[in-house]
Amino acid sequence: MSSRLLRLFAGLVLFGISLGLMVRADLGLGPWDVFHQGVAQRIGLSIGLVVNLTAVLVLLLWIPLRQRPGIGTVANVVVVGLVTDGTLWLLPSPDPLAAQIALLVAGILANAVATGLYVGAGLGPGPRDGLMTGLAARGHSIRLVRTGIELAVLAIGFVLGGSVGFGTIAYALAIGPLVGVFLPLLTVRPAKGQPA
């Protein structure tokens, strides 16, 4: 269990750092983060606080879906936004485009590794992932559910002023294949004779 907890928290911290890197790159964000940034700009809160508040609101949607949060779910609600704000506080905005591209690439890679770590720990999905799997469990295609949710939050975030650009496209194209590489590598496998 301690190894799984370590992977969980390492993944959540890295996830928050990855979001901070992509925000500082200022080349466009993934769909949920376009939403977070747009809301943050409109209501005057930090993006990290909006990440955490959104996670709480999404968890409320789990109730009718009868989804059960795990340790990882609760930790996700607290850790990711705090680390995002800390990263943004520490990291200045880069000037040259090459530095922005480097931050974007590092952010996308870190996001994929982070997902592999925290999902692979098997201690509960993040709030947004749990919403997706909960809706899919009702007989809907997981691909359609995920696409529908992400298009909706992207559109709302864009209208609210979130950053949509080259980075948004790069994230959309790269994150699935990268998670497909890192998740199997970073998933904790139970020892023989032990429960998962």
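The values are calculated or read from the model by the stated rules, or taken from the named source; none is laboratory data. Given the structure is predicted, the values throughout are model-derived calculations rather than measurements. A quick note on method: Cβ atoms are made from the backbone with ideal geometry, for glycine too, and the neighbour counts reach across all protein chains shown. Heavy atoms of the whole protein, side chains included, go into the accessibility calculation; ligands, DNA and RNA do not. Shrake-Rupley method; radii C 1.70, N 1.55, O 1.52, S 1.80 Å.
Please go through region 3-47 and pick out each residue that is part of a loop (DSSP other than H, G, I, E, B) and aliphatic (A, V, I, L, M).
Within region 3-47, the first condition is being part of a loop (DSSP other than H, G, I, E, B), and the residues that meet it are 26-30, 44-46.
Passing the criteria: L27, L29, L45.
Out of curiosity, is T73 modelled with pLDDT under 90, within 21 Å of R4 (Cβ to Cβ) and touching a Pro at 6+ places or on another chain (Cβ under 7 Å)? Working first, answer last.
Details: modelled with pLDDT under 90: no; within 21 Å of R4 (Cβ to Cβ): yes; touching a Pro at 6+ places or on another chain (Cβ under 7 Å): yes.
No; evaluated as a whole, the condition is false for this residue.
Okay, residues lined up against (1) in contact (Cβ under 8 Å) with a residue 24 or more places away in the chain; (2) open to solvent by 20 Å² or more (accessible area, probe 1.4 Å):
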position: V79; (1), (2): yes, yes
position: A112; (1), (2): yes, no
position: L117; (1), (2): yes, yes
position: P125; (1), (2): yes, yes
position: D129; (1), (2): no, yes
position: S141; (1), (2): no, yes
position: G162; (1), (2): yes, no
position: L173; (1), (2): no, yes
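Taking into account only those residues within region 48-69 that are over 16 Å from the mean Cα position of the chain (by Cα) and outside any loop (DSSP other than H, G, I, E, B), which is nearest to V153 (Cα to Cα)?
Out of the qualifying residues, it is L61.
Please enumerate the residues belonging to region 25-54 that are of a type in the set (D, E, K, R) and open to solvent by 60 Å² or more (accessible area, probe 1.4 Å). Before the answer, list the steps.
From region 25-54, those of a type in the set (D, E, K, R) are 26, 33, 42; that's our starting set.
Scanning region 25-54 gives D26, R42.
Quick grid of which residues meet (1) closer than 28 Å to L5 by Cβ; (2) not in a helix (DSSP H, G or I):
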site	(1), (2)
D129	yes, no
R138	no, yes
L151	no, no
S163	no, yes
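For residues that are farther than 10 Å from L160 by Cβ and under 16 Å from the mean Cα position of the chain (by Cα), tally how many sit in region 25-35.
Residues in region 25-35 being farther than 10 Å from L160 by Cβ and under 16 Å from the mean Cα position of the chain (by Cα): 6 in total.
Say we look at region 55-64 and pick out the residues that are of a type outside the set (F, W, Y) and open to solvent by less than 20 Å² (accessible area, probe 1.4 Å); which of these is farthest from S93 (Cα to Cα)?
Here is the first cut: in region 55-64, the ones of a type outside the set (F, W, Y) are 55-61, 63-64.
Filter once more, so that each one left must be open to solvent by less than 20 Å² (accessible area, probe 1.4 Å): 55, 58.
Working: A55: 26, V58: 30 Å.
Applying the filter and picking the extreme gives V58.
In the list T133, T84, T147, which residue meets the criterion of being buried (at least 21 other Cβ atoms within 10 Å of the Cβ) and not in a loop (DSSP other than H, G, I, E, B)?
Only one candidate qualifies: T84.
Mind checking which pairs have a first residue in region 43-63 that is more than 16 Å from T87 (Cβ to Cβ) and a second that is among the β-branched types (V, I, T), Cβ under 7 Å, 6 or more apart or different chains?
A55/V77; V56/V77; L59/V77
Name the single residue, out of those in region 93-110 being touching a residue at least 12 places away in the same chain (Cβ under 8 Å) and not aliphatic (A, V, I, L, M), that is least open to solvent (accessible area, probe 1.4 Å).
The residue in question is G107.
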